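Student: Got a structure for you, questions after.
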Amino acid sequence: MTTVAPTAPRTLPPLGPTRKLKLPKQAERTLGNGLTVIAVRRPAVPLVELRLWMPFGRVHLARGAMLAQTLLSGTETMTAVQIAAELQKVGGGLSAGIDPDRLMLSGAGLVTGLDRTLEILADVLTGATYPADDVATERDRLIDRIQVAQSQPAHLARTALLKRIYGKHPYAVQTPDPEQVGAVRPGVLRTLHAQRVHPADAVLVLVGDVQPDRALDAAEKALAGWNGAGHVAELPPTPPLEPGPLLLVDRPGSVQSSLRVALPAVPRTHPDHAALQLANLIFGGYFSSRWVENIREDKGYTYGPHSLVEHSVAGSVLVAAAEVATEVTGPALLETTYELGRLASVPPKAEELEQARQYALGTLQLGMSTQAGLASLTSAYAGSGLRLDFLAEHAARLAKATVADVAEAAARYLAPARGVMVVLGDAERVAPQLEALTPIVTEPGGQ
Amino acid sequence: MPTRRAKIPATRYPVERFTLDNGLRVVLTPDRSAPVIGVAVVYDVGIRSEPEGRTGFAHLFEHLMFQGSENLEKLAHFRHVQGAGGTFNGSTHLDYTDYYETLPSNALERALFLEADRMRGPRLTEENLRNQVDVVKEEIRVNVLNRPYGGFPWLTLPPVMFDTFPNAHDGYGSFDDLESATVVDAADFFRRYYASGNAVLAVSGDIDVAGAAELIERHFGDVPARPAPERPSFDEPDLTAERRTSYTDALAPLPAVASAWRVPDPVGDFAGYLPYVVLAEVLTDGDASRLVERLVLRDRTVTSVGGYLSFMGDPFDVRDPTALLLQAHLPPGGDVDKVLRTVDEELDRLATDGLADGELARTQARMATHLLRDTDAVLGRALRMAVLEQQRGEPGLLNELPRLVGEVTEEAVQAAAATLRPERRASIEVIAGGAR
């Protein structure tokens, strides 16, 4: 049955000529204190986006998380409420976040408030006081937040996967233990701030409706006095993946299983990177991929499967993730390893590559088309020592990758035999399904 | 000491409007600052319009609109958008359903072709229906059943506040209803609601207005004309006595509570509605807001609190009846009664004593940033303007919002706060079944 009336078929219109990737106007300056400032102009709306990336590897997990949680809780001259109110006055706001690589301050505000925002930022960086009351409040809030995170299957699956793939590397555990959070005192935070919150190797990115040179001057005026003789800790490179039995983490009563496959990957600057990105797209990196078309659009096992190359300072990894119905966990794993194995063994079709290539190139344009997108991209690149002009280089590599290049990358990186597999789900129901396909080890849930 | 007001800036996105002979309304908003476009088609049908016994149908039907159409096989839509370097999606709201793409601008005609093709008719087959029922069930498991606080409060609070099916029912749908859906239901739903006269097309970004208008006429001009169905009023009387319920969430580690109060008609009484939009931010935007300062930082009775307009958090895309919502997560063993009492106290204080010097101006400046930031993405502009055209005939309102928000007076915010009385409140409490 159909609602379609019979008419002559219509044909898909061709695409117009491709517009060449055009980089926005930008400027960069390294201040006397070691802070690198990158300013990018996109005048679309009268705002400025701000990202301050500070290297923060090898920091005690609970202390680092608490530092991010209380960095904006007070300075010599302002309380937490005053900091927030002063930023609001110029339409601004700042938030702090942390991961095993960096401490990040980000925000956006009216361009007319750029100077004031930078002034407040400087005040926080040079004079955060970690008031005892606020630290006590934020300790409890962080513990609450960790508890909520630990009740979410995606978080639990991620935790198990990181532990499995990173072993003893600092990336292995990324969520602090609530008890350790409870033990963090203001003095420890002040010491950590003095040791690690400093401008050397930090990168400030400003993107928006402002002339880049004027933004650099404003940043220099506000932040030249930020100093600190702290140290930078080098992260060891991530260990190679060690394939082994599938790790099944029990979550009794779960109505879905969280399926994760980690595969080897390379950094953005590696010669294989563009081909790997294309191979990943063809496998499961976008909706029109083999994996999504198979386990969602054909079989209906899942809603939003996706696979992504994740880049961190100490290494890169490809992670494929799907939440699948408990009763089809085995079949979903079967189709996943089938699609990985098929791409690792048989070259993709030329039109599949073309489609993935167009997607990769087009989404580069889309990612650069907003202030927030440009800011996040510039900051992520800067964190790996790259600048926006790398986009052009990367686009050129994407444009010339051949079917043979992609097949070779798939064979090298996507082979299921090289993968590390983790499933979080109701072990009693899914273990028999999984055991039919691969050796498994089962581990109780919780932390 | 009076505080200097930050000047609220405005955008000046141009707006062109016209209507095709078949009744399709079109909004064009060119901007050549980046070589990308946004294309949005919005149909005037949402969760409130689905028939009884067919909960979740509007959303299920949204999925079916991606399953092939007159000239396109299943999977073709996705491949054509992504193979042009773009991304796509759709979403189902209380009062509308949107379909959209954002792409490099050389794909304009392709995007128009794809949207016109499914406006003429999706391929509704038993196989695709069963497949998408499965996919939607997995979507509900991910977002509701397999996680803590699933559907809180957007699915759990409406049945406390409202009495009629359109406003109260579960918009994601019961598995029973989803499984009973038929191809005939889908064909009827399409015929009734997916009419050219019930749709708006908006295109934003790197376009030439005359050229885009010509392409739109070429692709949409022969979509058969069908009029918009009459839209019933979904109004219900306001509450006169407090309503409150609770349920145990087996996965939730912390208690939580959400409250809602009815607000003026967002479309019919926009001037009366806006102060509530501002009030929600005065109460909950950041550490310097009333409720964060009091409940989170001072009393420590909640671990987080948020406030917003409309159950899906889309203040300018919703029709009457709707509500202002406050929601909070509490620390383990937290006292919900105490939190609600403190909220009442703070609302009283605001209603009686008014705002502090500069409090309103800084909140409005921050709101301007949020509004401007949302319009920077070319797709955001197309989507918002399409809905503003559909619900108000006024897509250019998008340019005016920061200024209008900035013109809301202290007296209006104070008066809005005074209406949020306990006897007009509907609340739902989550009991932490997963607490350790």
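The values are calculated or read from the model by the stated rules, or taken from the named source; none is laboratory data. Just so you know, these numbers come straight off a predicted model, no measurement behind them. Neighbour counts are summed over all protein chains in view; Cβ atoms, including those assigned to glycine, are modelled from backbone coordinates with ideal geometry.
Student: Answer yes if at least one residue in region B:149-164 is within 9 Å of another protein chain (Cβ to nearest Cβ), part of a helix (DSSP H, G or I) and of a type in the set (A, V, I, L, M), and no otherwise.
Tutor: Within region B:149-164, none of the residues are within 9 Å of another protein chain (Cβ to nearest Cβ), part of a helix (DSSP H, G or I) and of a type in the set (A, V, I, L, M).
Student: From B:Thr352, B:Thr342, B:Thr409, which residue is more than 30 Å from A:Ala44 (Cβ to Cβ), hydroxyl-bearing (Ser, Thr, Tyr) and touching a Pro at 6+ places or on another chain (Cβ under 9 Å)?
Tutor: Checking each option against the conditions leaves just B:Thr409.
Student: Collect the residues in region B:201-213 that are more than 13 Å from chain A (Cβ to nearest Cβ) and closer than 17 Å to B:Ala40 by Cα, keeping them in residue-number order.
Tutor: B:Leu201, B:Ala202, B:Val203, B:Val209, B:Ala213
Student: Can you work out which of the residues in region A:63-115 that are among the hydroxyl-bearing types (Ser, Thr, Tyr) and within 14 Å of chain B (Cβ to nearest Cβ) is farthest from A:Leu50 (Cα to Cα)?
Tutor: A:Thr79
Student: I'd like to verify a number: residues in region B:191-200 that are in a helix (DSSP H, G or I) and either more than 10 Å from chain A (Cβ to nearest Cβ) or touching a Gly at 6+ places or on another chain (Cβ under 7 Å) (or both), how many?
Tutor: Matching residues across region B:191-200 total 5.
Student: For region B:229-244, which positions are crowded, with 17+ Cβ neighbours inside 10 Å and within 25 Å of B:Gly393 (Cβ to Cβ)?
Tutor: Matches in region B:229-244: B:Phe234 only.
Student: Just for region B:179-200: of the residues that are β-branched (Val, Ile, Thr) and more than 19 Å from B:Val39 (Cβ to Cβ), which one is surrounded by the most Cβ atoms within 10 Å (Cβ to Cβ)?
Tutor: So, considering only residues that are β-branched (Val, Ile, Thr) and more than 19 Å from B:Val39 (Cβ to Cβ), the one surrounded by the most Cβ atoms within 10 Å (Cβ to Cβ) is B:Val183.
Student: Can you confirm whether region A:57-66 contains a residue that is assigned to a loop (DSSP other than H, G, I, E, B) and out of contact with any helix residue (DSSP H, G or I) (no Cβ under 9 Å at 6 or more places or on another chain)?
Tutor: no
Student: Let me ask something else. Take the residues in region B:118-148 that are among the acidic types (Asp, Glu) and at the interface with another protein chain (Cβ under 7 Å from one of its Cβ atoms), then tell me which one is nearest to the chain's Cα centre (by Cα).
Tutor: Within region B:118-148, the match that is nearest to the chain's Cα centre (by Cα) is B:Glu139.
Student: Here's something else I'd like to know. Starting from region B:365-378, take each residue that is within 7 Å of another protein chain (Cβ to nearest Cβ) and list its partners that are of a type in the set (Lys, Arg), counting only C-beta distances under 9 angstrom and pairs at least six apart or across chains.
Tutor: Note: pairs meeting the criteria are B:Ala365/A:Lys89; B:Ala365/B:Arg5; B:Ala365/B:Lys7; B:Arg366/A:Lys89; B:Ala368/B:Arg403; B:Thr375/B:Arg381; B:Thr375/B:Arg384; B:Asp376/A:Arg42.
Listed here are the residues, each with its yes/no results for (1) of a type in the set (Ser, Thr, Tyr); (2) assigned by TED's automatic domain parsing to the domain that holds A:Ile282; (3) within 15 Å of A:Leu343 (Cβ to Cβ).
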site	(1), (2), (3)
A:Ala372	no, yes, no
A:Ser379	yes, yes, no
A:Leu398	no, yes, no
A:Val403	no, yes, yes
A:Ala407	no, yes, yes
A:Tyr413	yes, yes, yes
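Student: With B:Thr102, B:Thr87 as the choices, which residue is in contact (Cβ under 8 Å) with a residue 60 or more places away in the chain, within 12 Å of chain A (Cβ to nearest Cβ) and touching a Leu at 6+ places or on another chain (Cβ under 8 Å)?
Tutor: B:Thr102
Student: Now for a different question. Would you kindly identify the helices (runs of 4 or more DSSP H) lying entirely within region A:355-440 that contain at least 3 residues that are within 14 Å of another protein chain (Cβ to nearest Cβ)?
Tutor: A:371-383, A:390-400
Student: For B:Asp188, indicate whether it is among the acidic types (Asp, Glu), touching a strand residue (DSSP E or B) at 6+ places or on another chain (Cβ under 8 Å) and at pLDDT 95 or above.
Tutor: No: the conditions fail for B:Asp188.
Student: May I pose another question? Listed residues A:Thr402, A:Thr438; which is in contact with a strand residue (DSSP E or B) (Cβ under 8 Å, 6 or more places away or on another chain) and either buried (at least 19 other Cβ atoms within 10 Å of the Cβ) or of a type in the set (Ser, Thr, Tyr) (or both)?
Tutor: Result: A:Thr438 is the single residue among A:Thr402, A:Thr438 that is in contact with a strand residue (DSSP E or B) (Cβ under 8 Å, 6 or more places away or on another chain) and either buried (at least 19 other Cβ atoms within 10 Å of the Cβ) or of a type in the set (Ser, Thr, Tyr) (or both).
Student: Right, another one. Restricted to region A:116-157, and to residues that are in a helix (DSSP H, G or I) and at the interface with another protein chain (Cβ under 7 Å from one of its Cβ atoms), which residue is surrounded by the most Cβ atoms within 10 Å (Cβ to Cβ)?
Tutor: A:Pro153
Student: Would you point out which residue out of B:Phe152, B:Phe165 is at pLDDT 95 or above, surrounded by fewer than 22 Cβ atoms within 10 Å (Cβ to Cβ) and in contact with a strand residue (DSSP E or B) (Cβ under 8 Å, 6 or more places away or on another chain)?
Tutor: B:Phe152
Student: Restricting attention to region B:351-364, which residues are without any contact (Cβ under 8 Å) to a residue 40 or more places away in the chain and part of a helix (DSSP H, G or I)?
Tutor: B:Thr352, B:Asp353, listed by residue number.
Student: Being outside any helix (DSSP H, G or I) and over 30 Å from A:Gln174 (Cβ atoms) narrows it down to one residue among A:Ala44, A:Ala85, A:Ala108, A:Ala96; which is it?
Tutor: A:Ala44
Student: If I filter region B:349-375 down to residues being among the basic types (Lys, Arg) and surrounded by 24 or more Cβ atoms within 10 Å (Cβ to Cβ), which single residue comes out as nearest to the chain's Cα centre (by Cα)?
Tutor: B:Arg366
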